[in-house]
Amino acid sequence: MTRLGPGDDRMKGEGAGPEPLAPEITDAVESLTNLWSLAAQEAALRLSLQQLRALRVVERSPGVNLTGLAERLDMGSPTASRLCDRLEAAGLLERALHPHNRREVRLSLTPHGHHVLADIATQRARALGEALGAMAPPERAALLQGLRAFLATRDPWEPPSAET
């Protein structure tokens, strides 16, 4: 279903609005997501997408509590708690009581959790490097420029707003 292809001139017009581009970019993102998922599965430990997202949130926000994790993952606290149970049982995550509030639990990665995320990052970088290697240098530069502009529009670790 991908409509973008080599020599496709449809994106050159500066007056083009975002709506006509969205389906084509969706196809590219789906392809990248597939590459990303497959590379993660080649890592030492296979994790579900939700488990991986949870580990990444904890990596970026060490000491986050369960409520904060649930909010970032857009799930209920009981679901996030069960997710943490599985990650803790796998030796990837640990829970510790907050030093000033015994009712609050802080989450952090174990050394094994850090190692697993590093392994996944290595696999993904290799797979992405192979894909980028098939692109011409000006295409890679244009892609980077576009991704930087996209990232400047929002926090990539927060769920999209519900506004329509």
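The values are calculated or read from the model by the stated rules, or taken from the named source; none is laboratory data. The shown structure was predicted, so the numbers you read here are calculated from the model rather than taken from an experiment. Here the Cβ is made from the backbone with ideal geometry for all residues, glycine too, and neighbour counts use every protein chain on show. These area figures cover heavy atoms from the full protein model, side chains too; ligands, DNA and RNA do not enter into them. Shrake-Rupley method; radii C 1.70, N 1.55, O 1.52, S 1.80 Å.
Key figures for this structure:
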| read-out | value |
| --- | --- |
| Zone of Glu104's modelled label, taken as backbone nitrogen in the range 42-73 under 18 Å from a point 7 Å along Cα→Cβ | 58-73 |
| Portion, in percent, of the accessible area of the range 40-133 that falls on carbon or sulfur, probe 1.4 Å | 52 |
| Ala96/Asp155 FRET efficiency (R0 35 Å; Cβ-Cβ; nearest 0.05) | 0.85 |
